[in-house]
Every structure is written in C-alpha cells, then in structure tokens.
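Every number here is computed from the coordinates shown, using simple stated rules; none is lab data. Just so it is clear, the structure is predicted and the values come from calculations on it, not from any experiment. Don't worry about glycine lacking a Cβ; one is built from the backbone with ideal geometry, like all the others, and counts go over all protein chains shown.
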Amino acid sequence: ITKVDQVQASVNEMRAEYGRMLKDFIAQITPQMEPAVAKAVPNYKKLTPQQRDAVTLVAYKIGTNNLKSHKALMNEINAYALNPTPESERQIRDQIDFMVNVEGKQVKDKKTDLLIASMLLDPETFAYITGTGPMPADTSLITYFGFDPAIPLDPRFNLVPEPQEAGDPRY
C-alpha cells in the first residue's frame with residue numbers, strides 16, 4: 001500500500017464518520033420535523049428514505065415555519081416523488097440555494113447545496129461525499145455546485161448544516 005493509498009483510506013474513513021454523524025443527526029431531528037415536512041410535501045412517503053432525509057435537512061436548515069416560503073422547491077420535490085424526470089431534477093437543483101454566515105457576511109453554502117441535492121437526486125454522489133462510495137462516474141452534480149471533481153472534497157465536508165438564520169423562531 002502506497003502512502004497515497006493510506007491517505008485516501010484515511011480521508012474516506014473521515015468522510016464515512018461524518019456520514020454516520022449525519023445519519024444520527026437526522027434520526028434525532030426527524031420526529032420534530034416530519035409532520036411539517038409531510039404537510040409541505042404530501043408525497044413525502046413516496047420518496048426513498050435518503051430523499052426523505054434530504055427534505056428533513058431542508059426543513060432543519062430553513063426552519064419548519066419557513067417551508068411555505070420555499071413552496072416552489074417543496075412542490076418540485078412533491079412532483080418528483082411521483083414522477084422523477086430530468087426536468088424536475090433540474091428544477092430542484094436550481095432551487096437549492098442555501099446561505100451561511102461567514103465573518104458577518106451571507107455567502108452561498110455550496111457544500112449544503114451539494115449535500116442536499118445529492119441526497120435527493122444522486123445516490124452515487126452522496127455515497128462519495130459520505131465516504132461510502134467512489135467518485136461517481138457522472139460528476140455533473142459536483143461541478144454544478146462549483147466543485148472541481150479533480151480535487152478531492154475536504155473530508156471535513158460539513159454534513160450537518162447549520163440553520164440558515166440562527167435565532168429565528170423556526171419550530
């Protein structure tokens with residue numbers, strides 16, 4: 001085993017650990033979020049478990065009280081649950097746009113965007129992000145959100161996104 005292989009194995013294990021943390025986090029917040037999510041996305045139960053987890057993270061990120069203000073995204077996810085098409089995938093991808101506060105400035109949160117989009121739309125990319133799979137053959141989702149597939153994702157990839165606006169009355 002080469003040094004590069006050892007480093008890659010370590011990076012993959014770190015990603016996998018973050019993936020386990022994400023799974024645990026979602027399990028903790030789902031009971032609180034699920035009623036509001038199921039109301040906002042009536043076909044919620046038709047989504048795969050991983051897709052339901054993604055919608056739960058959306059609700060956590062924006063707050064359950066703000067799901068109505070993201071009605072277009074919720075409607076697209078609802079339609080996608082019944083009939084996943086390339087157009088509905090594009091609509092969802094285009095509407096995923098989270099922000100994060102960095103040194104007092106609101107900036108695009110590309111990591112959360114990619115995380116949620118991959119959970120909803122591309123299990124292979126999600127497996128790569130969480131260290132449970134190789135680089136996907138189709139890297140279009142990675143490049144769509146501004147990442148270079150030739151550069152390995154940081155193993156500290158933020159898999160538990162912070163709420164979009166801390167301090168808002170969300171729940």
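Here are a few things to note about the model shown:
- Looking only at the stretch 1-29, residues that are among the β-branched types (Val, Ile, Thr) and closer than 20 Å to Ile129 by Cβ come to 4 in all.
- Residues in the stretch 80-137 that are small (Gly, Ala, Ser) and touching a residue at least 24 places away in the same chain (Cβ under 8 Å): Ala81, Ala117, Gly131.
- Residue ranges of helices (runs of 4 or more DSSP H) in the stretch 13-124 with at least 2 members loosely packed, with under 13 Cβ neighbours inside 10 Å and aliphatic (A, V, I, L, M): 71-82
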